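Inspection log for the structure reproduced underneath, given as structure tokens.
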Amino acid sequence: MDGVLSGRPLISLPGTNMITPNQTSIQVLGPAAIASPLRLAHRSGEGPGAFVPDEIRVRYQIETATGHDLPADIFFEKAGPRETLFFEPGQTKAAIVTCGGVCPGLNNVVRSAVMEFYYNYGVQNVLGIRYGYAGLNPKIGLPPIELTPKSVSDIHEKGGTILGSSRGQQPSDIMAEFLVEQKINILLCIGGDGTLRGAQDIAQEAQSRGLNLAVVGIPKTIDNDVMYMSRTFGMTTAMEKAHQILDCAHSESRSAYNGVGLVKLMGRDAGFIAAGATLASQEVNFCLIPEVPFFLQGDHGFLEALRRRLESAHHAVIAVAEGAGQDLIRVLPVETDPSGNKRYADIGVYLKEQIVKYFRQADIPVDVKYFDPSYFVRSVPANCEDALLCDLLARNAVHAAMAGKTNVVVGFWNGTFTHIPISLAVSEKKRVDPQGLLWSSVLATTGQRRQWVNQNPATGR
């Protein structure tokens, strides 16, 4: 798999909707006329590091075809330090908020952002918003805390977030008013698509009030489902831990006669963790993800495929993403969490029950070991690759904010850091392509047949 600084996106997909050049334009608060305190070269090659001119772009399409009409070129604005700033560093007050579920690397991002503000820009006033957007609502009573290089010096060694987190949004007018009262000029919002939508609401509210408030998002989700990002931070650490659990499941399954190691992994709407960990492990026999519907019963169903596997090898490992197979479970009424996400039924427990029931009725012995490491894979400290990505995302977010960019999220695309309008980043979810290389590789690795996916269970077609 491609690394942080590779030139190709990591198991990612282009958007399914056509985007136009005007959708990639970045909102700015006003002219940038203040000289940057950063000691960088004015052009690439003139010295260590270099300022990035506003006109530099990153191509969206890395591949093209010949022999027919090509789509119009789409470019993203390149991220990086600007030679002139919108905000005067000595008069700037910044704040950082972490939202949604915890994720490897949250503390890394907070630490790197604080260090960049303090030591490179000279911004000496940085606040930490507590427990997500709830900390921007004074009625909830969670005053911000001061963040300094000393207070964040070792937080990158810990999982979770020192700021606390929560799901759900607060009224945008109340959050904007709180930021005005606190005299905050810059707000860095660290989270997934729900967090980014909240950041967009704050940016739009600030714009309607004529406020000079820069709102910049930093993409965080182990599910890797934010659009126009090669990958979001936290995914590779979660995948690494999932890989370890799958190997443990393999040890358990092969140590028992007709042993089945069933592992439920995170992945509500996108199966990147399950698919990636399957490829890393090379010991998985069945990988089930939300993007590829499957059925259980019949000659070509999953349970019959599992029976054939046990007859031939007497053990099997199954990786199932939490959002897979939801159409098989009838749960009413539909509930949502505070972020508005549909609460999914537990496919892991359901699948275990169905396996046990099926083999009991067939009078075939089976020994199912069920693993649910959901919170384990996301609550650990970031690994080396995620730590590097976190640092670079954080510093580029500070660069964007100091230059007056707003309603923007820092992305990583085609080996380069970019600026993406939040509206574009949340326009849809990135998902595994069932026709793409990643899923084809999973099928080749597991040996699972295509017959029991994307078919009518009554006809097997």
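State whether the residues of region 268-276 include one that is at pLDDT below 95, out of contact with any strand residue (DSSP E or B) (no Cβ under 9 Å at 6 or more places or on another chain) and among the hydrophobic types (A, V, I, L, M, F, W, C).
no
Of the residues Asp367, Asp391, Asp386, Asp372, only one is on the phi < 0 side of the Ramachandran plot, surrounded by 24 or more Cβ atoms within 10 Å (Cβ to Cβ) and acidic (Asp, Glu); which?
Asp386
Find the residue count for region 307-341, including only residues that are at pLDDT 90 or above, part of a loop (DSSP other than H, G, I, E, B), of a type outside the set (D, E, K, R) and on the phi < 0 side of the Ramachandran plot.
Total satisfying the criteria: 2.
Please specify each residue of region 182-213 satisfying the condition of being assigned to a helix (DSSP H, G or I) and without any contact (Cβ under 8 Å) to a residue 12 or more places away in the chain. Steps first, answer last, please.
In the first step, residues of region 182-213 are kept if they are assigned to a helix (DSSP H, G or I); the result is 193-209.
Scanning region 182-213 gives a single hit, Ser208.
The conditions are (1) surrounded by fewer than 17 Cβ atoms within 10 Å (Cβ to Cβ); (2) under 17 Å from Ile19 (Cα atoms); (3) of a type outside the set (Phe, Trp, Tyr), and Val408 fails exactly one of them. Which is it?
Checking Val408 against (1) surrounded by fewer than 17 Cβ atoms within 10 Å (Cβ to Cβ); (2) under 17 Å from Ile19 (Cα atoms); (3) of a type outside the set (Phe, Trp, Tyr), the one that fails is (1).
Select from region 150-181 the residues that are among the polar types (S, T, N, Q) and either part of a helix (DSSP H, G or I) or surrounded by fewer than 22 Cβ atoms within 10 Å (Cβ to Cβ) (or both) and write down the one among them that is farthest from the chain's Cα centre (by Cα).
Residue satisfying both the conditions and the ranking: Ser151.
If the requirement is being out of contact with any strand residue (DSSP E or B) (no Cβ under 9 Å at 6 or more places or on another chain) and in the same structural domain as Ser112 (by TED's automatic domain parsing), which of these qualifies: Val215, Val226, Val180? Full working, then the answer.
Values: Val215 fails: out of contact with any strand residue (DSSP E or B) (no Cβ under 9 Å at 6 or more places or on another chain); Val226 fails: out of contact with any strand residue (DSSP E or B) (no Cβ under 9 Å at 6 or more places or on another chain).
From the options Val215, Val226, Val180, the qualifying one is Val180.
Please specify each residue of region 230-251 satisfying the condition of being over 22 Å from Ala394 (Cβ atoms), in contact (Cβ under 8 Å) with a residue 40 or more places away in the chain and either crowded, with 20+ Cβ neighbours inside 10 Å or not assigned by TED's automatic domain parsing to the domain that holds Asp367 (or both).
Lys241, Ala242, Ile245, Leu246, Ala249, His250
With (1) over 18 Å from Val398 (Cα atoms); (2) crowded, with 24+ Cβ neighbours inside 10 Å; (3) not aromatic (Phe, Trp, Tyr) as the list, and Leu187 as the residue in question, which single condition is left unmet?
Here Leu187 meets the rest and fails (1).
The values are calculated or read from the model by the stated rules, or taken from the named source; none is laboratory data. Note that this is a predicted model, so its numbers are computed, not measured. All Cβ positions, even for glycine, are placed from backbone atoms using ideal geometry, and neighbour counts span all protein chains on display.
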